[in-house]
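Enquirer: Once you've had a glance at the structure underneath, I'll fire off some questions.
The values are calculated or read from the model by the stated rules, or taken from the named source; none is laboratory data. Keep in mind that this is a model prediction, so the values were computed, not measured. Here Cβ is always computed from backbone atoms with ideal geometry, including for glycine, and neighbour counts include all displayed protein chains. Please note that ligands, DNA and RNA were not included when accessible areas were found on the heavy atoms of the full protein model with its side chains. Shrake-Rupley method; radii C 1.70, N 1.55, O 1.52, S 1.80 Å.
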Amino acid sequence: MNIASVIVDVPAKQTDKPFDYKIPEGLKGAVLPGMRVIVPFGPRKIQGFVVEIKKESDFQKLRQISELLDLVPVLNEELLTLGEWLTDFTLCYKISAFQAMLPAALKAKYEKKIVLSEKTNKASLPGPLQLFFSKSMSSTWEAAQTEGLVPLLQKEAAKGTVEVIYEVKERVKKKRLKHVSPAIPKEELAAVIETLSAQAKGQKAVLDFFIDNPEPIELRQIVAALGTSASTIKALVKKEWLVEQDLEVYRDPFEAKSFEKKEFLQLTEEQEKAIGPILGSIEAEKQGVFLLYGVTGSGKTEIYLQSIQRVLEKGEEAIVLVPEIALTPQMVTRFKERFGDLVAVLHSGLSAGEKYDEWRKIQRQEVKVVVGARSAVFAPFKNIGIIIIDEEHETSYKQEENPRYHARDAAIQRSLHHRCPVVLGSATPSLESFARAQKGLYTLLTLSKRMNDRDLPAVDIVDMREELRSGNRSMFSIKLFEKLKDRIDKGEQSVLFLNKRGHSSFVMCRDCGFVMNCPNCDITLTYHRSNEEMKCHYCGHEDKVPKTCPECTSEHIRYFGTGTQKVEEELARLLPEARVVRMDVDTTGRKGAHEKLLTVFQEGQADILLGTQMIAKGLDFPNVTLVGVLSADTMLHLPDFRSSEKTFQLLTQVSGRAGRHELEGEVVIQTYSPEHYSVELSASQDYNIFYQREMMIRKLHQYPPFYYLSLVTVSHEELMKVVSITEKITSYIQSRLTNAAVVLGPVASPIPRINNRYRYQCLIKYKREPELHEALKTVLDRYQQETASGGLQISVDLNPYILM
Ligand code: ADP
Ligand code: ZN
Ligand code: ZN
């Protein structure tokens, strides 16, 4: 067994297969599948993954592995197999699949050290290792290799006495945060409290706290814990009773807080009924997919928590996926409160080093639950007992670069191996999932009531056409404006939601709300300013921009769109007394900015939170009693067959933000299309009727879930080249498919040019085309040379979620 098959880090067709290498004498028995190695490849040395160890090779002259990078495999056998599946399923290269499953820190070169675990007694180690560690608790990996100690170290690693650490060089320095502690002894604190006036309740409470807790505490924490404000603390610092200092905090922002242990709630009858089949699947170790359909606040998370509890009792592990933007501290807190240190958190806000830390906790089996965004589905657990995908309809579960996988598919694939349940939770399931549940492929579990029978907020749909007719040209309707004013007078808070203006734009009649659609595809025509034309980006249909509205002959027909900044300016003009927090890509770019802005709002230092998509989910503010949607139309008219579904989901989500607590909530939705079913039905939160209406339309126009879609996008700097290659690809694909398939294109993409590269596409609709997969592979292979050189780009997306 001295030959290793290695997938090398060269993403290309010719290298998308294992190459055999000899294992050097000193590493015999130490090299295992799933470990990374450095191998000679041509004139270079590159990294690769060992996928197999074998006795013989079909090749005569083999080169040797130059270096072993791991003591323990970074990919276990299940993940190696999953990588094969991913390669096949998404048409990506094996190396891309493997790398997608690992934290970034493992992809690059970082300094590597071998360290003794804390509890290890040096004297218990074999002689050579005692020498190796004689000078310190750690040594370099290079030394281990040159001294031929890898096999010995590996045995120790299996016992847990030593481990390999990657020293990720942090670009950002260690995090320092404001802390406060008492400046005077506790007897004096007590004396000082006596001198304060009766009104200074807040100051008294703070000083009281420090009598029992003299240790420095993070400013944010004490503010939150005592419900006080930063200015109260500042006042005490000024009087020199407290001191403020910057202290270093642990890398994981969530780790710093201590969580009060929360007990499990007694489930309601409805929850009991819903959790039954999930627990049954866990007990019987039977794979199954469950769609947990329940409005916001109906107790889904409690079901997740109690299912996980059962999994942990069985000694198994749990993966919880949450959309990136909903991965808020509030969400994480709920898991930490129940499972404490057994929880690891993975999200994009962490640095490479922090992510690697969390991943390592999982790999070393120190944690049992991971809460994370999409890629957490690859968490290297060995005994998965449940995989939960919250807000399963979110499109961020689909990765938009190679490998173009959907977390749901990866989760189901893993659940087959682990024979465990997958729970998909949503208040507005994706049409695909709900249809599968209707067909019995998934088990549908329903929570129809909100907890404590709290009412859904009252929703007002305001017809912006009427506003215009009555002479109001502002972006605020009279109703929304008055309600905003009323909230400010009462000291309550409001959230204003503006859908991000898409890359593409459309033309709408302000008088009647008319929007031009493609007669063939039922999607919105995209406006091209350069030639004043309207174009369908599915089939290529073109139209002139009308001078007057074809519906009502009004001349108020034109391009539509507003940015958050403009809204902020208008707010400042109309409601100068309002304190506004704006959250969009511009204001939240910096690390931590997102959380900071939310804290400002949460602490009541602002009256209005104005933002895009990112404020729609997961947030829970007790003092918010008004939610306003400035224009439901921008999403409704995206050139995407899912635009109605997305609008319904978004409006339903946004409405769920109001009145979650004691105070009653109200929602105002402004639109030029009040009669559109996705607007109307989101007001009554009637998913079932929406589902039926939308399914009819999908069937009629041959869209998912009735048909599958695949999208081929071609880009190049030369327009002629893009067009001719897309043409060739389109006709080739057509020739390999049956008459039942619909091949649309070639046509310019909705975003026709990015970075000076022209973009064309071909969209395929089909039900069953056994040859399609091969045909697409052939296309990628055929142009391999030109794409490898970077001039040409071809991307194939099976089940695309972004059709731009
Ligand atoms: P969802 O995940 O569907 O939005 P949650 O699980 O967050 O719903 O539940 C909404 C609220 O109801 C939370 O504050 C939660 O603590 C509470 N809750 C959930 N289940 C119960 C229960 N069985 N008894 C009492 N309160 C509950
Ligand atoms: Zn009109
Ligand atoms: Zn069309």
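Enquirer: Calculate the length of the line joining the C-alpha centroid of region 526-560 to that of region 138-166, in whole Å.
Expert: 67
Enquirer: Something else about it: Simple spin-label model, 7 Å along Cα-to-Cβ: LYS45 to LEU719 in nm?
Expert: Distance between label points: 5.0 nm.
Enquirer: When the Cα centres of region 11-55 and region 455-502 are compared, how far apart do they sit, in Å?
Expert: If we compute the Cα centre of each part, the gap is 62 Å.
Enquirer: Within region 465-486, list the residues whose amide N lies under 11 Å from a label point set 7 Å along Cα→Cβ of ARG573.
Expert: 473-476
Enquirer: On a full-extension model of 0.36 nm per residue, what is the gain between SER124 and GLU466, subtracting their alpha-carbon distance, rounded to one decimal in nm?
Expert: Working: separation 342, 0.36 × 342 = 123.12 nm, distance 8.32 nm.
Gain in length upon complete extension: 114.8 nm.
Enquirer: With every protein chain left in place, what is the accessible area per residue of region 176-248 in square angstrom, probe 1.4 Å?
Expert: Values: 4320 Å² over 73 residues.
Spelled out: the 1.4 Å probe surface of region 176-248, per residue, equals 59 Å².
Enquirer: With the other protein chains left in place, how much accessible area per residue, in square angstrom, belongs to region 6-114 at a 1.4 angstrom probe? Don't jump to the answer; show the numbers that get you there.
Expert: On the way: 4990 Å² over 109 residues.
On a per-residue basis, 46 Å².
Enquirer: Moving on. Enter the accessible area per residue of region 269-447 (Å², integer; probe 1.4 Å; all protein chains in place).
Expert: 31
Enquirer: OK, next. I need to check one value: relative contact order of region 3-106, counting alpha carbon pairs closer than 8 Å and at least 6 residues apart, in percent.
Expert: Value for region 3-106: 31 percent.
Enquirer: Using packing as a proxy for protection, rank 413-424, 117-128 so that the peptide with the highest average count of other Cβ atoms within 10 Å comes first.
Expert: Highest mean packing first, the order is 413-424, 117-128.
Enquirer: At 0.36 nm per residue, minus the direct Cα-Cα distance, what do TYR559 and VAL243 gain on full extension? Give it in nm, one decimal, please.
Expert: Net length gain for the segment: 108.1 nm.
Enquirer: Mind jotting down a quarter of the surface of the convex hull over the alpha carbons of region 372-489, in square nanometres, one decimal? Provide the component values of the computation, followed by the final result.
Expert: Details: hull surface 51.6 nm².
With every direction weighted equally, the projected area is 12.9 nm².
Enquirer: Run the quick spin-label model on GLU603 and LYS314: label points 7 Å from Cα toward the beta carbon, then report their separation in nm to one decimal.
Expert: 4.5
Enquirer: I would also like to ask the following. Per-residue counts of other Cβ atoms within 10 Å, averaged by peptide: what ranking do you get for 184-196, 468-480, 370-382, highest first?
Expert: 370-382, 468-480, 184-196
Enquirer: Any idea what the relative contact order of region 376-531 is, in percent, if you count C-alpha pairs under 8 Å spaced at least 6 apart? Each step should come with its number before you reach the end.
Expert: Details: 112 pairs, mean separation 23.6, N = 156.
Result for region 376-531 is 15 percent.
Enquirer: Taking only C-alpha pairs under 8 Å that are 6+ residues apart, what is the relative contact order of the chain in percent?
Expert: That works out to 10 percent.
Enquirer: What's the extension gain from ASN756 to ALA143 if we count 0.36 nm per residue and subtract their Cα-Cα distance?
Expert: That pair, ASN756 and ALA143, stretches by 215.8 nm at full extension.
Enquirer: Report the one residue of LEU75, VAL6, PHE98 whose Cα lies farthest in the direction of the positive end of the charge dipole of region 1-108 (charges on C-beta: Lys and Arg +1, Asp and Glu -1; origin at the Cα centre).
Expert: Toward the positive end, the furthest listed residue is VAL6.
Enquirer: Take LYS479 and LYS17, extend 7 Å from each Cα along the Cα→Cβ direction, and tell me the distance between the two endpoints in nm.
Expert: 6.6
Enquirer: Rounded to the nearest 20 Debye, what is the dipole magnitude of the chain about its Cα centre when Lys and Arg each give +1 and Asp and Glu each give -1 at the C-beta? Please list the in-between numbers first.
Expert: Values: 106 positive and 107 negative charges, 378 e Å.
It works out to roughly 1820 debye.
Enquirer: Longer than 26 Å from Cα to Cα, which of LYS94/LYS368; LYS13/LYS54; LYS336/LYS439 are they? Say none if no pair is.
Expert: Beyond 26 Å between Cα atoms: LYS94/LYS368; LYS336/LYS439.
Enquirer: I'd like the carbon and sulfur percentage of the solvent accessible area for region 441-571, probe radius 1.4 Å, heavy atoms only, ligands and nucleic acids excluded.
Expert: Roughly 44 percent, rounded to a whole number.
Enquirer: Further, regarding this structure: Using a 10 Å cut-off on Cβ atoms, rank the peptides 522-532, 386-396 from the highest mean neighbour count down.
Expert: Packing order, densest peptide first, comes out as 386-396, 522-532.
Enquirer: For the chain, just say rounded, prolate or oblate: build the C-alpha gyration tensor, square-root its eigenvalues into a ≥ b ≥ c, call rounded for a/c under 1.5, and beyond that prolate if a/b exceeds b/c, oblate if not.
Expert: It comes out oblate by the Cα gyration axes.
Enquirer: Positive end of the charge dipole of the chain (Lys, Arg +1 and Asp, Glu -1 on Cβ, about the Cα centre): tell me which of PRO800, THR328, ILE387 has its Cα farthest that way.
Expert: PRO800
Enquirer: Place a point 7 Å from Cα of ILE697 in the direction of its Cβ. Which residues in region 748-785 have their backbone N less than 12 Å from it?
Expert: Those under the cut-off are none; the list is empty.
Enquirer: Which value, in Å² and to the nearest 10, is the accessible area of GLU717 when all protein chains are kept and the probe is 1.4 Å?
Expert: 120
Enquirer: Enumerate the amide H contacts of CYS420 below 5 Å, restricted to partners 5 or more residues apart or on another chain; note that Pro and chain-start residues carry no placed amide H.
Expert: The answer is GLN287, GLY288.
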